[in-house]
Amino acid sequence: MNSIQIADKGFEIFLENDNICKRIRLIGIQLNLDYENRCPYFLGVLNGSFIFMADLLKEVTVSCEVGFIKISSYEGTESSGKIQQAFGLPDNLNERDVIVVEDIVDTGFTLGYIISEIKKQAPSSIKVCSLLLKPKALKSPIDELEYVGFEIENDFVVGYGLDYDGLGRNLKDIYKAKSV
Ligand code: IMP
C-alpha cells in the first residue's frame with residue numbers, strides 16, 4: 001500500500017520493511033564489533049522502540065542485557081517539551097556499557113533527559129542507537145548519538161513502532177505525512 005489514512009491524516013510510503021531490516025543488519029554488525037567482549041545493557045525507550053529493539057537484538061550476537069524505560073513527552077505531531085518518567089530506569093547501570101535504543105530523535109529533548117538520568121549512575125559508557133534522526137530538528141548536538149539508521153527531513157512519520165496519536169505502531173513499513 002503506497003498511501004494510507006490514519007485518523008484525519010494522509011500518509012505515503014517512505015521506508016519499506018526490507019530496507020529497514022537491511023540497515024538494521026549493518027548496525028548489528030557494527031555493534032558486534034564495537035562491543036566485542038563487553039556485555040552492553042540495551043535500554044529501549046517505550047513505546048516507539050519496541051519493534052526496532054526486537055529486530056535489532058536478533059542481529060546482536062554479543063552477550064547483553066535488555067531493559068526498557070517509558071517516557072511520555074509527546075502529543076499529536078508537535079513536541080510538548082514536557083517529559084514524564086512513567087517507568088523508572090534500572091538502578092544497576094554503574095560501570096555498565098549502556099546503549100539507549102530510540103525509535104526517533106526529533107528535538108533531542110527526550111534523549112537529553114534520559115542521558116542525564118543515566119549519567120547519575122556513573123556507567124562506563126553511554127551510546128545511543130536510534131532508527132531515525134531528524135538532524136534539522138535537533139536543538140543541540142548529542143555526542144552519544146553513535147548509531148543512526150536513517151537521517152530524515154522534518155516530516156512526521158508513522159509505522160514500525162512509531163505512532164500518530166496512538167495509532168499506526170503495528171505497520172510494517174514507515175510512512176510519512178502527506179503535505180497538504
Ligand atoms: P524529541 O524529544 O523531540 O526528540 O522527541 C522524541 C519522541 O517524539 C520520539 O521518541 C517519538 O515518540 C516522538 N516523535 C518525534 N517525531 C516523531 C514522528 O515523526 N513520528 C512519531 N513520533 C515522533
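The values are calculated or read from the model by the stated rules, or taken from the named source; none is laboratory data. From a predicted model like this one, the values you see are computed outputs, not experimental measurements. Heads up, the Cβs are rebuilt from the backbone with ideal geometry, glycines too, and the neighbour counts pull from every protein chain shown.
General remarks:
- Applying a threshold of 7 Å to beta carbon distances and a minimum spacing of six or more residues, or different chains, the list of pairs starting in region 167-178 at a residue that is in a strand (DSSP E or B) and ending at one that is among the hydroxyl-bearing types (Ser, Thr, Tyr) reads Ile174/Tyr160.
- Test: residue in region 100-116 that is within 29 Å of Asp163 (Cα to Cα), more than 11 Å from the ligand (Cβ to nearest atom) and either assigned to a helix (DSSP H, G or I) or among the basic types (Lys, Arg) (or both): yes
- Residue within region 148-162 that is within 19 Å of Asp34 (Cβ to Cβ), free of Cβ contacts under 8 Å to residues at least 60 places away in the same chain and crowded, with 17+ Cβ neighbours inside 10 Å present: yes
- Residue pairs meeting the criteria (Cβ under 7 Å; at least 6 apart or on separate chains; first in a helix (DSSP H, G or I), in region 12-36; second exposed (fewer than 14 other Cβ atoms within 10 Å of the Cβ)): Asn17/Lys172; Asn32/Thr61
- Residue check: Asp91 meets all listed conditions (1) at pLDDT below 95; (2) under 16 Å from the mean Cα position of the chain (by Cα) but one, namely (2).
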